[in-house]
1. Could you please find all residues in region 64-95 being in a loop (DSSP other than H, G, I, E, B), more than 17 Å from residue 31 (Cβ to Cβ) and more than 17 Å from the chain's Cα centre (by Cα)?
2. Could you check region 220-237 and list, in sequence order, the residues that are in contact with a Pro (Cβ under 8 Å, 6 or more places away or on another chain) and in contact (Cβ under 8 Å) with a residue 60 or more places away in the chain?
3. Being under 17 Å from residue 192 (Cα atoms), acidic (Asp, Glu) and at pLDDT 65 or above narrows it down to one of 16, 56, so name that one.
4. Which one of 276, 232, 238 is in the same structural domain as residue 213 (by TED's automatic domain parsing), among the small types (Gly, Ala, Ser) and touching an Asp or Glu at 6+ places or on another chain (Cβ under 7 Å)?
5. When you check residue 275 against the structure, is it crowded, with 16+ Cβ neighbours inside 10 Å and either in contact with a Leu (Cβ under 6 Å, 6 or more places away or on another chain) or not hydroxyl-bearing (Ser, Thr, Tyr) (or both), yes or no?
6. Being more than 15 Å from the chain's Cα centre (by Cα), under 30 Å from residue 193 (Cα atoms) and modelled with pLDDT of 90 or more narrows it down to one residue among 168, 117, 140; which is it?
7. Quick check on residue 284: is it within 29 Å of residue 112 (Cα to Cα), small (Gly, Ala, Ser), in a strand (DSSP E or B) and in contact with a Gly (Cβ under 9 Å, 6 or more places away or on another chain)?
8. Somewhere in region 178-194, is a residue at pLDDT 95 or above, charged (D, E, K, R), more than 19 Å from residue 110 (Cβ to Cβ) and not assigned by TED's automatic domain parsing to the domain that holds residue 253?
Amino acid sequence: MNGPNSVSLTRFLIEEQRAKGKIGADLRLLIEVVARACKTISIAVGKGALGGVLGEAGTGNVQGEAQKKLDVLSNDILLEANEWGGHLAGLASEEMDHPHAIPHHFPKGGYLLVFDPLDGSSNIDVNVSIGTIFSVLRCPEGMTGTEDEAFQQPGTTQVAAGYCVYGPSTTLVLTLGDGTHAFTLDREVGSFLLTGRNLQIPPDTKEFAINMSNTRFWEAPVKRYIDELVAGKDGPRGKDFNMRWVGSMVADVHRIVTRGGVFMYPLDSKTAAQGGRLRLLYEANPMAFIVEQAGGAATTGRQRIVEVKPSKLHQRVPVILGSRNEVERVTGYHGEG
């Protein structure tokens, strides 16, 4: 049960605004709107087949990937929730070719919202955890928020980032650049309540997450690193490792934020032509910001993810993130080659 001292997301944000001066009213309200949209998505996800939201939508996104009905629904929920609040200059979604303009009859603000409305689409129909990822940027001076270039900012410019995982419970993990914090949705009350303040990822781990079916496509540094982990006690690491792979970045990263681990979607010969597998703006940057604020590390294998300067709206990058000592080890192997 939640007692009288339970801290709601709204109270947490107001205290951040009032006591620390970390955020202004517009950013606070923007995050609250995103959180409300995530609650709506959570309800749709929870109904599953009863809500008629499972299966293919019959459409494709900008990457040519088949969209699920929940992909389209979640994208619409986030657009409709955020376009009227007056906090945003524009929005960009993984599911859309170009930024979404704020309708002319609504006021505009100074922020940009970037999001992956429903990460882990392959898990939707089999009732495995999926989630929403978002990032907040400031709209550059002289831009309207409708240009692709307005969103092409390195991750170091993010003012907030978060993800919501729709699992046995619905959990929102958020950073405002001052630590990483977790909120759990109390379904009876309808509020996100603070359940983890200043989360810390252990620097060492015995768990790794990677798609082992891609082994034959990996670069030498990644193969060397994974071979060490698989060798366990008999190998150079002298300890056994466990592999975990959900196939939903939100679920895999949430496990790491909760108890440590290393998540890898490295560059390989299958994804080299497009620069990597995961989207820089919609997935890699927000997750890197969250992980770094929790004491972890996030690199492409060759550089810190948040320092990559985007050259296009849907740019892809390799991702290695999680427990700092493991990320630094595999990144170091890339440097030796």
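1. Residues satisfying the conditions are 64, 65.
2. The initial filter retains those residues of region 220-237 that are in contact with a Pro (Cβ under 8 Å, 6 or more places away or on another chain), namely 222, 228.
Passing the criteria: only 222.
3. Exactly one of 16, 56 is under 17 Å from residue 192 (Cα atoms), acidic (Asp, Glu) and at pLDDT 65 or above, namely 16.
4. Unique residue meeting the criteria: 232.
5. Judged against the criteria, residue 275 is a match.
6. 168
7. Answer is no for this residue.
8. Among the residues of region 178-194, at least one is at pLDDT 95 or above, charged (D, E, K, R), more than 19 Å from residue 110 (Cβ to Cβ) and not assigned by TED's automatic domain parsing to the domain that holds residue 253, which makes the answer yes.
The values are calculated or read from the model by the stated rules, or taken from the named source; none is laboratory data. Just so it is clear, the model here is predicted, and its values are computed rather than measured. Virtual Cβ from ideal backbone geometry, glycine too; neighbours counted across all protein chains shown.
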